[in-house]
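Every number here is computed from the coordinates shown, using simple stated rules; none is lab data. A quick note: this is a predicted structure, and the numbers were derived from the prediction, not measured. Please note: Cβ atoms are built from the backbone with ideal geometry, for glycine as well, and neighbour counts cover all protein chains shown.
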Amino acid sequence: MNHVFPAPAKLNLFLHVVGRRADGYHLLQSLFRFIDRADEVHLELRDDGAVTRALDLPGVPEAEDLTVRAARLLQAYAPPGAGVAVRLEKRLPMGGGLGGGSSDAATVLLALNRLWNVNLSRAQLQALALQLGADVPVFVFGQTAFAEGVGEILRTAAAPPAWYVVLTPPEHVATASIFAAPELTRDTPPLKIAPFSAGMGRNDLEPVVVGRYPEVARHLAWLAQFGEARMTGSGACVFASFGTEDAARDVFRQLPGSMCGFVARGLDRHPLYDFCAG
């Protein structure tokens, strides 16, 4: 039987780089919010203990695929013989800052936690998620979140109802190169309290990306005509927030033919929030 689950995108409503650890990892503060644009994760259960990928993902070897790695991590806690074939339907751009790969991995953890009757707690799944990448735990956490550390220290936060126009420049931004950029500001003063407004911050990575990727700069400048526009994550996608769906779609209708994007609604919870024991 084929089981289908959503892997929603995230937006960083702001992203501050507040320092750097001795091991080179950057210390961040960010406000994560999910939106209702998602990849689809198809899971076909197997009883032979095999974890396989049913469809190749261009540029991603199976051994490096986060969905396969997630399934194999969780398999250590599953009944003998538990296996799965994973197939992705990608709707989120790779290298876009929307967290698609991290979300796909988290959806595998959340869904197989239920399908394999593993029943790990949310905290246990978040610990597994961190082994896959710094952005994966927030998708298991499953709520609008204020993140600190490398992104793994999470607290529930609030964001007002919103619709977003998200533009997807035709760029694949390499996260590592942006964090390694000499021009990156790494000393933004940390917020002492969880933010009460997304407008409190900015994206410290944005000036670096805009300076290196003209298409990101062009999309950002176009969207900024209609309100505060910002890049998400390490790019390349940019977004602006609107109070109603009509307002967002009115802006989207004006999008030039040379640009692509979508309209999405902000979510307070991940669609699979209830798939772990608490």
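Structural remarks
- Cut-off under 5 Å, modelled amide H: who pairs with residue 27 long-range: 18, 19, 20, 21
- Label point distance in nm, residue 253-residue 177, each placed 7 Å from Cα along Cα→Cβ: 3.9
- Backbone geometry of segment 22-34 corresponds, through the Karplus equation with coefficients 6.51, -1.76 and 1.60 at θ = phi - 60°, to 3J(HN,Hα) couplings of 4, 7, x, 5, 8, 8, 10, 9, 8, 10, 9, 9, 7 Hz, x marking Gly and Pro.
- Residue order for 16, 219, 42, fewest other beta carbons within 10 angstrom first, comes to 42, 16, 219.
- For the chain, the fraction of alpha-carbon pairs in successive 5 Å shells from zero, as %: 1, 6, 13, 17, 18, 17, 13, 9, 5, 2, 0, 0
- 22 Å tail of the calculated P(r), segment 26-121, as % of Cα pairs: 31
- Among 96, 81, 261, the largest mean-square fluctuation in a Gaussian network model of the chain, built with springs joining Cα atoms closer than 10 Å, belongs to 81.
- The 3J(HN,Hα) values that the Karplus relation (6.51, -1.76, 1.60; θ = phi - 60°) gives for segment 238-244 are, in residue order, 10, 8, 9, 9, 9, x, 9 Hz. Gly and Pro appear as x.
- Dmax and Rg, reported as Rg then Dmax, of segment 198-278 (C-alpha, Å): 14.9, 46
- Gyration tensor verdict on segment 11-57 (Cα atoms; rounded if a/c is under 1.5, prolate if a/b is larger than b/c, oblate otherwise): oblate
- In sequence order, segment 95-108 has phi-based couplings of x, x, x, 9, x, x, x, 5, 5, 4, 5, 5, 5, 4 Hz under the Karplus curve 6.51 cos²θ - 1.76 cosθ + 1.60, θ = phi - 60°, and Gly or Pro positions carry x.
- By the count of neighbouring beta-carbon atoms within 10 Å, fewest first, 228, 40 end up ordered 228, 40.
- Shape call, segment 127-256: gyration tensor on alpha carbons, a/c limit 1.5: oblate
- Computed label-point distance, nm, for sites residue 245 and residue 265 using a 7 Å Cα→Cβ extension: 0.6
- Amide H within-cut-off set for residue 14, under 5 Å, with H built and near neighbours excluded: 31
- Annotation: amide H-H contacts under 5 Å for residue 153 (H modelled 1.01 Å from N, sequence separation of 5 or more, or interchain): 148.
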